[in-house]
Amino acid sequence: MALKLPPVKSSPDLPAKATVAIIGGGIVGISAALALAERGISVVVLEKGQVGAEQSSRNLGWIRKTLRDPSDIPLALAADQLWSQMAQRTGVDVGYRQNGIMFVSDADKDMEMYSSWFKAASELSPESRLITPDEIDQLAPGCERKWKGGLYTPTDGYAEPTLATSALANAAIDKGAVIVENCAVRDLAMTGGRVSGVVTEKGEVAAEHVILASALWSRRFLGNRGISYPTLPMICYVFRTAPIEGPQGPSEIAVAGPNFSFRKHQDGGYVITHRAALGSPITLDHLLIGLRYLKTLKHAAGMIRLLIGKPFIEDLKLARRWKATDISPFEKVRTMDPPADEAINSEALDNIIKAWPQFANATIEESWAGMIDITPDNNPVFGAVDKIPGLTLATGLSGHGFGTGPAAGQLAADLATGADPIVDPSPYRFDRL
Ligand SMILES: Cc1cc2nc3c(=O)[nH]c(=O)nc-3n(C[C@H](O)[C@H](O)[C@H](O)COP(=O)(O)OP(=O)(O)OC[C@H]3O[C@@H](n4cnc5c(N)ncnc54)[C@H](O)[C@@H]3O)c2cc1C
(Lines give C-alpha, C1' and ligand atoms only; values in the text may rest on other atoms or scores of the structure.)
Protein backbone atom coordinates (compact mmCIF):
# COMPACT_ATOMS: atom_id res chain seq x y z
CA MET A 1 0.00 0.00 0.00
CA ALA A 2 1.32 3.44 -0.92
CA LEU A 3 1.29 5.88 1.99
CA LYS A 4 -0.29 9.32 1.82
CA LEU A 5 2.45 11.91 1.38
CA PRO A 6 2.31 15.71 1.43
CA PRO A 7 2.39 17.10 -2.12
CA VAL A 8 5.64 18.37 -3.58
CA LYS A 9 5.66 21.47 -5.79
CA SER A 10 7.10 19.48 -8.68
CA SER A 11 7.56 21.00 -12.12
CA PRO A 12 5.44 19.95 -15.13
CA ASP A 13 8.30 20.92 -17.45
CA LEU A 14 11.72 19.44 -17.96
CA PRO A 15 14.55 22.02 -17.92
CA ALA A 16 16.93 21.91 -20.92
CA LYS A 17 19.97 21.88 -18.63
CA ALA A 18 21.24 21.96 -15.06
CA THR A 19 24.69 21.80 -13.52
CA VAL A 20 23.72 18.61 -11.66
CA ALA A 21 21.01 16.09 -12.60
CA ILE A 22 19.91 13.65 -9.90
CA ILE A 23 18.25 10.33 -10.73
CA GLY A 24 15.83 9.41 -7.91
CA GLY A 25 13.70 11.47 -5.52
CA GLY A 26 14.18 9.51 -2.29
CA ILE A 27 15.68 11.07 0.81
CA VAL A 28 19.21 10.72 -0.60
CA GLY A 29 18.58 12.37 -3.98
CA ILE A 30 16.39 15.08 -2.47
CA SER A 31 18.90 15.88 0.30
CA ALA A 32 21.60 16.19 -2.37
CA ALA A 33 19.36 18.59 -4.28
CA LEU A 34 18.75 20.74 -1.19
CA ALA A 35 22.47 20.91 -0.40
CA LEU A 36 23.23 21.98 -3.99
CA ALA A 37 20.38 24.51 -4.17
CA GLU A 38 21.55 26.08 -0.90
CA ARG A 39 24.97 26.57 -2.56
CA GLY A 40 23.37 28.29 -5.55
CA ILE A 41 24.16 25.37 -7.91
CA SER A 42 21.47 24.60 -10.48
CA VAL A 43 20.03 21.13 -9.96
CA VAL A 44 17.21 18.98 -11.31
CA VAL A 45 15.81 15.81 -9.70
CA LEU A 46 14.11 13.28 -11.96
CA GLU A 47 11.78 10.91 -10.14
CA LYS A 48 10.01 8.07 -12.01
CA GLY A 49 7.01 8.13 -9.64
CA GLN A 50 6.27 10.31 -6.63
CA VAL A 51 8.95 11.90 -4.44
CA GLY A 52 9.64 9.70 -1.42
CA ALA A 53 7.11 7.03 -2.38
CA GLU A 54 9.49 4.05 -2.32
CA GLN A 55 11.71 3.29 0.70
CA SER A 56 11.98 6.83 2.01
CA SER A 57 8.34 7.02 3.17
CA ARG A 58 7.87 3.33 4.06
CA ASN A 59 10.64 2.95 6.61
CA LEU A 60 10.36 2.83 10.39
CA GLY A 61 11.85 6.28 10.88
CA TRP A 62 14.72 5.17 13.12
CA ILE A 63 17.74 7.47 13.23
CA ARG A 64 20.48 5.53 14.92
CA LYS A 65 24.14 5.05 15.53
CA THR A 66 23.49 1.91 17.61
CA LEU A 67 24.68 -1.30 15.88
CA ARG A 68 25.75 0.61 12.79
CA ASP A 69 28.97 -0.51 11.14
CA PRO A 70 31.68 1.65 12.83
CA SER A 71 32.83 2.94 9.43
CA ASP A 72 29.29 4.34 8.91
CA ILE A 73 29.03 6.15 12.29
CA PRO A 74 30.69 9.43 11.20
CA LEU A 75 27.95 9.77 8.55
CA ALA A 76 25.28 9.06 11.20
CA LEU A 77 26.77 11.74 13.48
CA ALA A 78 26.81 14.24 10.61
CA ALA A 79 23.18 13.31 9.92
CA ASP A 80 22.21 13.89 13.58
CA GLN A 81 23.37 17.50 13.16
CA LEU A 82 21.30 17.88 10.01
CA TRP A 83 18.22 16.29 11.61
CA SER A 84 18.45 18.72 14.52
CA GLN A 85 18.38 21.63 12.02
CA MET A 86 15.66 20.07 9.86
CA ALA A 87 12.67 22.04 11.19
CA GLN A 88 14.53 25.32 10.74
CA ARG A 89 15.92 24.31 7.35
CA THR A 90 12.61 23.13 5.87
CA GLY A 91 10.05 25.07 7.93
CA VAL A 92 8.29 21.77 8.76
CA ASP A 93 8.25 19.73 11.98
CA VAL A 94 9.07 16.31 10.55
CA GLY A 95 8.72 14.66 13.95
CA TYR A 96 12.44 14.45 14.75
CA ARG A 97 12.84 13.44 18.42
CA GLN A 98 16.10 12.37 20.09
CA ASN A 99 14.24 10.03 22.44
CA GLY A 100 16.84 7.27 22.44
CA ILE A 101 16.91 3.77 21.00
CA MET A 102 17.54 0.54 22.86
CA PHE A 103 18.10 -2.99 21.61
CA VAL A 104 17.17 -5.70 24.12
CA SER A 105 17.57 -9.47 24.09
CA ASP A 106 17.39 -12.63 26.14
CA ALA A 107 19.90 -14.53 23.96
CA ASP A 108 23.59 -14.93 24.80
CA LYS A 109 24.60 -14.55 21.15
CA ASP A 110 22.96 -11.09 21.06
CA MET A 111 24.71 -10.07 24.30
CA GLU A 112 28.02 -11.05 22.68
CA MET A 113 27.12 -9.10 19.55
CA TYR A 114 26.16 -6.00 21.64
CA SER A 115 29.38 -6.06 23.59
CA SER A 116 31.60 -6.59 20.56
CA TRP A 117 29.87 -3.68 18.79
CA PHE A 118 30.26 -1.59 21.94
CA LYS A 119 34.02 -2.33 22.04
CA ALA A 120 34.43 -1.45 18.38
CA ALA A 121 32.22 1.66 18.35
CA SER A 122 32.24 3.26 21.79
CA GLU A 123 34.84 5.89 20.86
CA LEU A 124 32.85 6.88 17.79
CA SER A 125 29.47 6.84 19.58
CA PRO A 126 30.42 7.74 23.17
CA GLU A 127 26.85 7.97 24.49
CA SER A 128 26.10 4.34 23.57
CA ARG A 129 26.20 1.94 26.53
CA LEU A 130 25.42 -1.60 27.57
CA ILE A 131 22.47 -1.72 29.99
CA THR A 132 21.12 -4.12 32.61
CA PRO A 133 17.57 -5.56 32.86
CA ASP A 134 16.84 -2.98 35.63
CA GLU A 135 17.82 -0.12 33.36
CA ILE A 136 15.64 -1.56 30.59
CA ASP A 137 12.73 -1.52 33.02
CA GLN A 138 13.38 2.11 33.93
CA LEU A 139 13.55 3.16 30.28
CA ALA A 140 10.43 1.22 29.20
CA PRO A 141 8.54 0.09 32.33
CA GLY A 142 6.10 -2.79 32.57
CA CYS A 143 7.92 -5.45 30.61
CA GLU A 144 7.13 -9.06 31.48
CA ARG A 145 9.74 -10.77 29.33
CA LYS A 146 13.06 -11.36 31.11
CA TRP A 147 15.87 -9.73 29.18
CA LYS A 148 19.55 -10.48 29.69
CA GLY A 149 20.50 -6.92 28.87
CA GLY A 150 20.59 -4.34 26.13
CA LEU A 151 22.41 -1.68 24.18
CA TYR A 152 21.20 1.92 24.50
CA THR A 153 22.04 5.23 22.84
CA PRO A 154 20.16 8.23 24.29
CA THR A 155 21.07 10.48 21.34
CA ASP A 156 19.47 8.16 18.79
CA GLY A 157 15.91 8.96 17.77
CA TYR A 158 13.34 8.95 15.00
CA ALA A 159 11.34 11.14 12.61
CA GLU A 160 8.28 10.71 10.42
CA PRO A 161 9.25 9.25 7.03
CA THR A 162 5.94 10.33 5.49
CA LEU A 163 6.87 13.95 6.16
CA ALA A 164 10.63 14.24 5.85
CA THR A 165 11.39 13.77 2.15
CA SER A 166 8.50 15.97 0.98
CA ALA A 167 9.61 18.71 3.41
CA LEU A 168 13.19 18.52 2.12
CA ALA A 169 11.90 18.56 -1.47
CA ASN A 170 9.75 21.65 -1.00
CA ALA A 171 12.67 23.41 0.75
CA ALA A 172 14.94 22.52 -2.19
CA ILE A 173 12.36 23.87 -4.67
CA ASP A 174 12.05 27.11 -2.67
CA LYS A 175 15.82 27.48 -2.98
CA GLY A 176 15.81 26.98 -6.76
CA ALA A 177 15.94 23.22 -7.37
CA VAL A 178 13.66 21.76 -10.06
CA ILE A 179 11.98 18.44 -9.26
CA VAL A 180 10.11 16.55 -11.96
CA GLU A 181 7.89 13.66 -10.84
CA ASN A 182 6.62 10.87 -13.12
CA CYS A 183 9.77 11.26 -15.17
CA ALA A 184 11.93 8.15 -15.43
CA VAL A 185 15.53 8.45 -16.52
CA ARG A 186 16.13 5.80 -19.16
CA ASP A 187 19.86 6.23 -19.62
CA LEU A 188 22.82 8.58 -19.36
CA ALA A 189 23.70 10.94 -22.22
CA MET A 190 27.41 10.59 -23.05
CA THR A 191 29.69 12.93 -25.03
CA GLY A 192 33.34 12.11 -25.69
CA GLY A 193 33.27 9.27 -23.14
CA ARG A 194 31.95 11.51 -20.36
CA VAL A 195 28.47 12.00 -18.93
CA SER A 196 26.80 15.00 -20.53
CA GLY A 197 23.29 14.60 -19.12
CA VAL A 198 20.38 12.21 -18.82
CA VAL A 199 17.86 10.83 -21.26
CA THR A 200 14.40 10.75 -19.72
CA GLU A 201 11.04 9.55 -20.97
CA LYS A 202 10.16 13.25 -21.52
CA GLY A 203 13.37 14.24 -23.33
CA GLU A 204 17.00 15.00 -22.57
CA VAL A 205 18.49 17.23 -19.87
CA ALA A 206 22.10 18.40 -20.31
CA ALA A 207 24.15 18.26 -17.09
CA GLU A 208 27.81 18.54 -16.12
CA HIS A 209 27.40 15.99 -13.31
CA VAL A 210 24.89 13.22 -12.68
CA ILE A 211 24.14 11.64 -9.29
CA LEU A 212 22.58 8.18 -9.32
CA ALA A 213 20.36 7.93 -6.20
CA SER A 214 18.00 5.28 -7.53
CA ALA A 215 18.33 2.73 -4.68
CA LEU A 216 16.60 -0.52 -5.63
CA TRP A 217 16.88 0.32 -9.33
CA SER A 218 20.57 1.19 -9.47
CA ARG A 219 21.67 -2.37 -10.29
CA ARG A 220 19.41 -2.47 -13.36
CA PHE A 221 20.32 1.08 -14.43
CA LEU A 222 24.07 0.39 -14.24
CA GLY A 223 23.67 -3.11 -15.72
CA ASN A 224 22.28 -1.51 -18.87
CA ARG A 225 25.60 0.38 -19.10
CA GLY A 226 27.61 -2.84 -18.63
CA ILE A 227 28.50 -2.12 -14.99
CA SER A 228 27.93 -4.92 -12.49
CA TYR A 229 26.75 -3.36 -9.24
CA PRO A 230 25.60 -5.94 -6.67
CA THR A 231 22.41 -5.49 -4.64
CA LEU A 232 19.64 -7.88 -3.69
CA PRO A 233 16.08 -6.99 -2.64
CA MET A 234 14.60 -7.68 0.80
CA ILE A 235 11.08 -6.86 2.02
CA CYS A 236 10.32 -5.42 5.44
CA TYR A 237 6.70 -5.44 6.76
CA VAL A 238 5.42 -2.55 8.87
CA PHE A 239 2.23 -1.35 10.53
CA ARG A 240 0.99 1.59 12.55
CA THR A 241 -1.43 1.25 15.46
CA ALA A 242 -4.21 3.59 16.52
CA PRO A 243 -3.13 5.94 19.38
CA ILE A 244 -2.51 4.04 22.65
CA GLU A 245 -0.56 4.43 25.87
CA GLY A 246 2.63 2.42 25.54
CA PRO A 247 5.37 1.96 28.15
CA GLN A 248 5.53 5.19 30.22
CA GLY A 249 9.30 5.71 30.58
CA PRO A 250 11.28 8.95 30.91
CA SER A 251 11.21 9.36 27.12
CA GLU A 252 9.23 7.78 24.33
CA ILE A 253 12.13 5.51 23.59
CA ALA A 254 12.24 3.26 20.51
CA VAL A 255 12.79 -0.41 21.35
CA ALA A 256 14.09 -3.30 19.26
CA GLY A 257 13.62 -6.82 20.61
CA PRO A 258 14.58 -10.07 18.90
CA ASN A 259 11.24 -10.46 17.10
CA PHE A 260 9.66 -6.97 17.12
CA SER A 261 10.44 -3.29 17.24
CA PHE A 262 8.30 -0.30 18.17
CA ARG A 263 8.54 3.46 18.24
CA LYS A 264 5.98 6.15 18.97
CA HIS A 265 4.31 7.80 15.97
CA GLN A 266 3.65 11.55 15.99
CA ASP A 267 -0.13 10.85 16.14
CA GLY A 268 0.14 8.81 19.37
CA GLY A 269 0.13 5.33 17.84
CA TYR A 270 3.15 3.05 17.34
CA VAL A 271 5.08 2.02 14.24
CA ILE A 272 5.90 -1.67 14.55
CA THR A 273 7.79 -4.29 12.58
CA HIS A 274 8.66 -7.98 12.95
CA ARG A 275 12.45 -7.97 13.21
CA ALA A 276 12.67 -11.72 12.67
CA ALA A 277 10.59 -11.94 9.47
CA LEU A 278 11.93 -10.38 6.28
CA GLY A 279 10.63 -11.30 2.84
CA SER A 280 13.22 -12.40 0.32
CA PRO A 281 11.77 -12.26 -3.23
CA ILE A 282 13.90 -14.72 -5.20
CA THR A 283 14.93 -13.29 -8.59
CA LEU A 284 17.49 -14.05 -11.26
CA ASP A 285 19.94 -11.89 -9.30
CA HIS A 286 20.03 -14.49 -6.52
CA LEU A 287 21.49 -16.93 -9.06
CA LEU A 288 23.87 -14.34 -10.48
CA ILE A 289 25.27 -12.79 -7.28
CA GLY A 290 23.71 -14.74 -4.38
CA LEU A 291 27.02 -16.32 -3.36
CA ARG A 292 28.33 -12.88 -2.41
CA TYR A 293 25.72 -12.74 0.35
CA LEU A 294 26.72 -15.86 2.26
CA LYS A 295 27.88 -13.82 5.29
CA THR A 296 24.59 -11.88 5.43
CA LEU A 297 22.61 -15.09 4.94
CA LYS A 298 24.45 -16.77 7.81
CA HIS A 299 23.50 -13.90 10.09
CA ALA A 300 19.91 -13.51 8.83
CA ALA A 301 19.04 -17.13 7.92
CA GLY A 302 16.35 -17.60 10.59
CA MET A 303 14.65 -14.32 9.67
CA ILE A 304 14.21 -14.87 5.96
CA ARG A 305 10.87 -15.89 4.44
CA LEU A 306 11.51 -16.94 0.85
CA LEU A 307 9.07 -15.59 -1.76
CA ILE A 308 9.29 -17.96 -4.70
CA GLY A 309 7.51 -17.83 -8.06
CA LYS A 310 5.68 -14.55 -8.73
CA PRO A 311 8.58 -12.19 -7.89
CA PHE A 312 10.88 -14.25 -10.16
CA ILE A 313 8.47 -13.98 -13.10
CA GLU A 314 7.73 -10.28 -12.52
CA ASP A 315 11.44 -9.52 -12.39
CA LEU A 316 12.08 -11.53 -15.57
CA LYS A 317 9.46 -9.47 -17.41
CA LEU A 318 11.50 -6.30 -16.81
CA ALA A 319 14.26 -5.72 -19.38
CA ARG A 320 17.90 -5.90 -18.33
CA ARG A 321 19.12 -4.21 -21.52
CA TRP A 322 17.29 -1.50 -23.46
CA LYS A 323 17.94 1.51 -25.65
CA ALA A 324 17.24 5.10 -24.64
CA THR A 325 14.42 5.16 -27.19
CA ASP A 326 12.71 2.15 -25.53
CA ILE A 327 10.23 2.30 -22.67
CA SER A 328 12.45 1.43 -19.69
CA PRO A 329 11.72 -0.83 -16.69
CA PHE A 330 11.47 2.32 -14.57
CA GLU A 331 8.35 3.45 -16.43
CA LYS A 332 6.81 0.01 -15.97
CA VAL A 333 7.10 0.16 -12.17
CA ARG A 334 6.43 3.74 -11.09
CA THR A 335 6.39 2.75 -7.42
CA MET A 336 7.66 -0.51 -5.96
CA ASP A 337 4.77 -1.45 -3.68
CA PRO A 338 5.06 -4.98 -2.27
CA PRO A 339 1.92 -6.27 -0.52
CA ALA A 340 1.65 -6.03 3.27
CA ASP A 341 1.70 -9.33 5.16
CA GLU A 342 -1.02 -9.33 7.82
CA ALA A 343 0.08 -12.69 9.27
CA ILE A 344 3.60 -11.39 9.90
CA ASN A 345 2.18 -8.16 11.33
CA SER A 346 -0.07 -9.92 13.84
CA GLU A 347 2.84 -12.18 14.82
CA ALA A 348 4.88 -9.04 15.56
CA LEU A 349 2.06 -7.56 17.65
CA ASP A 350 1.71 -10.83 19.61
CA ASN A 351 5.45 -10.79 20.28
CA ILE A 352 5.25 -7.25 21.67
CA ILE A 353 2.22 -8.03 23.82
CA LYS A 354 4.11 -10.97 25.38
CA ALA A 355 6.85 -8.51 26.36
CA TRP A 356 4.90 -5.31 27.11
CA PRO A 357 1.23 -6.23 27.84
CA GLN A 358 0.32 -2.51 27.53
CA PHE A 359 0.06 -3.22 23.79
CA ALA A 360 -2.83 -5.69 24.30
CA ASN A 361 -5.37 -3.02 23.31
CA ALA A 362 -3.50 -1.96 20.19
CA THR A 363 -5.37 -2.06 16.91
CA ILE A 364 -3.71 -1.96 13.51
CA GLU A 365 -4.64 1.22 11.64
CA GLU A 366 -2.47 0.96 8.55
CA SER A 367 -0.07 -1.67 7.22
CA TRP A 368 2.42 -1.67 4.37
CA ALA A 369 5.70 -3.12 3.14
CA GLY A 370 8.83 -1.74 1.54
CA MET A 371 11.56 -3.25 -0.59
CA ILE A 372 15.13 -2.59 0.52
CA ASP A 373 18.31 -2.64 -1.60
CA ILE A 374 21.07 -4.59 0.19
CA THR A 375 24.75 -4.55 -0.81
CA PRO A 376 26.98 -7.56 0.03
CA ASP A 377 28.61 -5.75 2.98
CA ASN A 378 25.46 -3.87 4.05
CA ASN A 379 27.04 -0.48 3.50
CA PRO A 380 26.19 2.12 0.86
CA VAL A 381 28.21 3.32 -2.12
CA PHE A 382 29.12 6.98 -2.56
CA GLY A 383 31.54 8.10 -5.24
CA ALA A 384 32.71 7.83 -8.81
CA VAL A 385 32.59 4.93 -11.25
CA ASP A 386 35.87 4.77 -13.21
CA LYS A 387 34.20 3.65 -16.43
CA ILE A 388 31.68 6.53 -16.44
CA PRO A 389 33.37 9.88 -15.72
CA GLY A 390 30.91 12.48 -14.48
CA LEU A 391 28.67 9.96 -12.68
CA THR A 392 28.51 9.86 -8.85
CA LEU A 393 26.82 6.95 -7.11
CA ALA A 394 24.77 7.56 -3.95
CA THR A 395 22.98 4.28 -3.49
CA GLY A 396 22.79 0.93 -1.68
CA LEU A 397 21.73 2.30 1.71
CA SER A 398 20.93 -1.29 2.76
CA GLY A 399 17.99 -0.74 5.08
CA HIS A 400 19.49 1.98 7.28
CA GLY A 401 19.64 5.05 5.06
CA PHE A 402 16.70 7.08 6.33
CA GLY A 403 18.69 8.08 9.40
CA THR A 404 21.82 8.92 7.43
CA GLY A 405 19.85 10.20 4.40
CA PRO A 406 20.37 13.96 4.90
CA ALA A 407 24.14 13.52 5.29
CA ALA A 408 24.28 10.90 2.53
CA GLY A 409 22.70 13.38 0.12
CA GLN A 410 25.10 16.11 1.17
CA LEU A 411 28.05 13.75 0.70
CA ALA A 412 26.84 12.93 -2.81
CA ALA A 413 26.51 16.65 -3.61
CA ASP A 414 30.06 17.25 -2.27
CA LEU A 415 31.58 14.41 -4.26
CA ALA A 416 29.79 15.30 -7.49
CA THR A 417 30.92 18.93 -7.42
CA GLY A 418 34.37 18.52 -5.84
CA ALA A 419 33.47 20.29 -2.57
CA ASP A 420 35.06 19.25 0.76
CA PRO A 421 33.17 16.07 1.74
CA ILE A 422 31.01 16.18 4.86
CA VAL A 423 32.73 12.92 6.00
CA ASP A 424 35.61 10.81 4.72
CA PRO A 425 34.10 8.97 1.72
CA SER A 426 36.75 6.22 1.51
CA PRO A 427 34.69 3.46 3.27
CA TYR A 428 32.04 3.88 0.60
CA ARG A 429 34.10 3.46 -2.59
CA PHE A 430 32.43 1.47 -5.37
CA ASP A 431 35.55 -0.58 -6.12
CA ARG A 432 35.41 -2.24 -2.66
CA LEU A 433 32.49 -4.29 -4.02
C1 LIG B 1 10.19 -1.06 5.55
C2 LIG B 1 11.51 -0.35 5.69
C3 LIG B 1 11.98 0.00 6.94
C4 LIG B 1 13.16 0.73 7.06
N5 LIG B 1 13.51 1.25 8.28
C6 LIG B 1 14.54 2.13 8.37
C7 LIG B 1 14.81 2.81 9.57
O8 LIG B 1 14.09 2.68 10.55
N9 LIG B 1 15.89 3.64 9.62
C10 LIG B 1 16.70 3.84 8.54
O11 LIG B 1 17.68 4.58 8.65
N12 LIG B 1 16.42 3.26 7.35
C13 LIG B 1 15.37 2.42 7.24
N14 LIG B 1 15.06 1.84 6.04
C15 LIG B 1 15.91 2.12 4.88
C16 LIG B 1 15.65 3.49 4.29
O17 LIG B 1 14.27 3.70 4.06
C18 LIG B 1 16.43 3.61 2.98
O19 LIG B 1 17.79 3.26 3.19
C20 LIG B 1 16.38 5.02 2.41
O21 LIG B 1 15.07 5.51 2.34
C22 LIG B 1 17.01 5.01 1.03
O23 LIG B 1 16.80 6.25 0.42
P24 LIG B 1 17.04 6.38 -1.13
O25 LIG B 1 16.81 7.79 -1.47
O26 LIG B 1 18.37 5.76 -1.44
O27 LIG B 1 15.98 5.38 -1.78
P28 LIG B 1 14.43 5.51 -2.18
O29 LIG B 1 13.64 6.19 -1.15
O30 LIG B 1 14.00 4.14 -2.55
O31 LIG B 1 14.46 6.45 -3.43
C32 LIG B 1 14.96 6.07 -4.70
C33 LIG B 1 14.07 6.74 -5.72
O34 LIG B 1 14.64 6.62 -7.01
C35 LIG B 1 13.57 6.53 -7.94
N36 LIG B 1 14.13 5.98 -9.19
C37 LIG B 1 14.75 4.79 -9.34
N38 LIG B 1 15.18 4.65 -10.60
C39 LIG B 1 14.83 5.77 -11.27
C40 LIG B 1 15.00 6.20 -12.61
N41 LIG B 1 15.64 5.47 -13.53
N42 LIG B 1 14.50 7.42 -12.96
C43 LIG B 1 13.87 8.19 -12.04
N44 LIG B 1 13.68 7.81 -10.75
C45 LIG B 1 14.16 6.62 -10.38
C46 LIG B 1 12.57 5.64 -7.24
O47 LIG B 1 11.27 5.76 -7.77
C48 LIG B 1 12.68 6.11 -5.79
O49 LIG B 1 11.71 7.07 -5.48
C50 LIG B 1 13.92 1.05 5.89
C51 LIG B 1 13.46 0.66 4.63
C52 LIG B 1 12.26 -0.02 4.52
C53 LIG B 1 11.75 -0.37 3.15
task = For segment 250-267, name all the residues that are touching a Gly at 6+ places or on another chain (Cβ under 6 Å) and of a type in the set (Gly, Ala, Ser).
result = SER251
query = If ASP315 satisfies every condition in (1) touching a helix residue (DSSP H, G or I) at 6+ places or on another chain (Cβ under 8 Å); (2) without any contact (Cβ under 8 Å) to a residue 40 or more places away in the chain; (3) over 29 Å from ARG186 (Cβ atoms) but one, which is the exception?
reply = (3)
Hits in segment 166-218 - residues which are over 21 Å from the mean Cα position of the chain (by Cα) and acidic (Asp, Glu) = ASP174, ASP187, GLU201, GLU204, GLU208
note = For segment 352-370 the number of residues that are crowded, with 20+ Cβ neighbours inside 10 Å and away from the ligand (no atom under 16 Å from the Cβ) is 5
inquiry  = With the structure loaded, tell me whether ASP420 is out of contact with any Leu (no Cβ under 6 Å at 6 or more places or on another chain) and surrounded by fewer than 16 Cβ atoms within 10 Å (Cβ to Cβ) or whether it fails that test.
reply    = yes
query = Can you pull out the residues in segment 379-408 that are closer than 22 Å to ALA206 by Cβ and within 11 Å of the ligand (Cβ to nearest atom)?
reply = LEU393, ALA394
task = Kindly state which strands (runs of 3 or more DSSP E) lie completely within segment 156-244 and contain at least 1 residues that are surrounded by fewer than 21 Cβ atoms within 10 Å (Cβ to Cβ) and more than 14 Å from the ligand (Cβ to nearest atom).
result = 185-191, 194-200, 203-212
key: segment 372-393 residues that are among the aromatic types (Phe, Trp, Tyr), paired with ones that are open to solvent by 30 Å² or more (accessible area, probe 1.4 Å) (beta carbon under 7 Å, 6 or more apart)   = PHE382/LEU415; PHE382/PRO425
task = Just give me the residues in segment 335-370 being within 25 Å of LEU307 (Cα to Cα) and small (Gly, Ala, Ser), in sequence order.
result = ALA340, ALA343, SER346, ALA348, SER367, ALA369, GLY370
query = Among the residues of segment 139-154, is any within 19 Å of MET111 (Cβ to Cβ), part of a helix (DSSP H, G or I) and either open to solvent by 10 Å² or more (accessible area, probe 1.4 Å) or of a type in the set (Ser, Thr, Tyr) (or both)?
reply = yes
message = Looking at ASP337, ASP341, can you tell me which residue is open to solvent by less than 50 Å² (accessible area, probe 1.4 Å) and either within 30 Å of LYS48 (Cβ to Cβ) or modelled with pLDDT under 95 (or both)?
response = ASP341
note = So, first residue under 26 Å from MET336 (Cα atoms) in segment 172-191, second residue in a strand (DSSP E or B) and more than 15 Å from the ligand (Cβ to nearest atom), Cβ within less than 8 Å, six or more apart or across chains; the pairs are ALA189/SER196; ALA189/ALA206
task = Kindly indicate whether ARG334 is in contact (Cβ under 8 Å) with a residue 60 or more places away in the chain, among the basic types (Lys, Arg) and in contact with a helix residue (DSSP H, G or I) (Cβ under 7 Å, 6 or more places away or on another chain).
result = no
key: Single residue of GLY268, GLY279, GLY302 found to be assigned to a helix (DSSP H, G or I) and either in contact (Cβ under 8 Å) with a residue 24 or more places away in the chain or surrounded by 15 or more Cβ atoms within 10 Å (Cβ to Cβ) (or both)   = GLY302
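The values are calculated or read from the model by the stated rules, or taken from the named source; none is laboratory data. The shown structure was predicted, so the numbers you read here are calculated from the model rather than taken from an experiment. Note that each Cβ is placed from the backbone with ideal geometry, even for glycine, and that neighbours are counted across all protein chains shown. Ligands, DNA and RNA are excluded from the accessible area calculation, which covers all protein heavy atoms including side chains. Shrake-Rupley method; radii C 1.70, N 1.55, O 1.52, S 1.80 Å.
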